[in-house]
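Here's the structure we're looking at; comments come further down.
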Amino acid sequence: MVERAIRPLALTRKNALFAGSGGGAEHWAVIASLIATYKLTDVEPYRYLADTLTRIVDGHPHNRLDDLLAWAYAAAPALKAVA
């Protein structure tokens, strides 16, 4: 199951070599691992990121950051337009 989950990442590994710099490659790795985590927890990545970033901007309490993790995530009833 894990090998099937990371197969798309392994196939795009060569693309990551052209991230532009070491910092770019590290950022790519962080985003790729976050998206893989969302998929493993059956959370749609775009919706999760949009909702989480909106919650942070709207002043989500710092002592409740665990609520924003993928496995503890419960989608907000209505998303605001992010633009």
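Laboratory data are not the source of any read-out in this text; all were calculated from the coordinates shown. Predicted, not measured: the structure shown is a model, and the values here were computed from it. So basically every Cβ, Gly included, is an ideal-geometry build from the backbone, and we count neighbours across all protein chains shown.
Worth pointing out:
- Between residue 49 and residue 66, the simple label model (points 7 Å from Cα in the Cβ direction) yields a spacing of 2.7 nm.
- Full-extension gain in nm, residue 42 to residue 58, via 0.36 nm per residue minus C-alpha separation: 3.3 nm
- Sorted by Cβ neighbour density within 10 Å, fewest at the top, the residues 28, 71: 71, 28
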